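The values are calculated or read from the model by the stated rules, or taken from the named source; none is laboratory data. Please read all numbers here as calculations on a predicted model, not as lab measurements. Note: ideal-geometry Cβ built from the backbone for every residue, glycine included; neighbour counts use all protein chains shown.
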Amino acid sequence: MTIDDILELVRLLPGSLVLSPEPGGAYPRIAWGDHFFHYAPDGQVPQRTQPYATIVTKDYPDDCASRLDVDGRWRVNVRVPRERFAELLGRQPRTVDFDGVDLAAVDTVLPHPVYAHAGLVSVVNPGKRTEELVAGLLRDAHHRAMAAASRRAAT
């Protein structure tokens with residue numbers, strides 16, 4: 001599974017918006033080359049919601065445990081419900097313990113190194129072992145974002 005495979009999958013989802021900051025744009029340099037997935041049928045980045053998933057291609061100052069500054073490494077991050085988080089990782093998001101967890105392991109579902117407590121899971125360089133799971137997690141996260149937008153619009 002490549003970054004392009006994921007971008008293609010997400011762009012095909014109804015109402016999907018993939019924000020991919022580039023040099024010279026309105027977004028900070030640190031975000032250049034990364035991708036942020038939103039449900040935004042109007043094509044505008046939502047102002048009061050976080051992306052339901054992201055792809056990061058480099059270490060951030062407070063997020064370097066995945067060793068993304070090594071060539072060819074990147075990470076997909078997906079928000080999942082508490083129950084799914086526990087199913088995937090054997091513990092609730094708020095009780096994540098990183099002892100003994102190799103946050104740089106590839107093709108493995110891991111708690112997000114910084115935002116696990118908020119229900120994000122991660123996969124560094126998804127491959128044969130995780131590609132179907134990652135695709136399903138992205139579809140599910142998109143569906144939840146779409147449902148949440150519908151609920152907000154109804155109120």
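Looking across G43, G15, one residue alone is loosely packed, with under 12 Cβ neighbours inside 10 Å, over 23 Å from P126 (Cβ atoms) and over 12 Å from the mean Cα position of the chain (by Cα). It is G43.
If you go through the stretch 93-109 and pick out every residue that is closer than 21 Å to T130 by Cα and among the hydroxyl-bearing types (S, T, Y), you end up with 1.
Looking at L110, is it within 14 Å of P51 (Cβ to Cβ), among the hydrophobic types (A, V, I, L, M, F, W, C) and surrounded by 21 or more Cβ atoms within 10 Å (Cβ to Cβ)? In short, no. Every condition in (1) basic (K, R); (2) under 24 Å from P28 (Cα atoms); (3) outside any loop (DSSP other than H, G, I, E, B) is met by R139 except one, and the failing one is (2). Selection of first residues in the stretch 64-92 that are within 19 Å of T130 (Cα to Cα) and of second residues that are in a strand (DSSP E or B) and among the small types (G, A, S), restricted to Cβ pairs under 6 Å at least 6 apart or on distinct chains, gives the following pairs, ordered by first then second residue: R75/S122; N77/S122; V78/A53. Selection of first residues in the stretch 141-155 that are within 17 Å of R84 (Cα to Cα) and of second residues that are at pLDDT 90 or above and in a helix (DSSP H, G or I), restricted to Cβ pairs under 9 Å at least 6 apart or on distinct chains, gives the following pairs, ordered by first then second residue: H142/V10.
Would you be able to say whether some residue in the stretch 52-65 is touching a Pro at 6+ places or on another chain (Cβ under 6 Å) and in a loop (DSSP other than H, G, I, E, B)? Looking for residues that are touching a Pro at 6+ places or on another chain (Cβ under 6 Å) and in a loop (DSSP other than H, G, I, E, B), one finds at least one in the stretch 52-65, hence yes.
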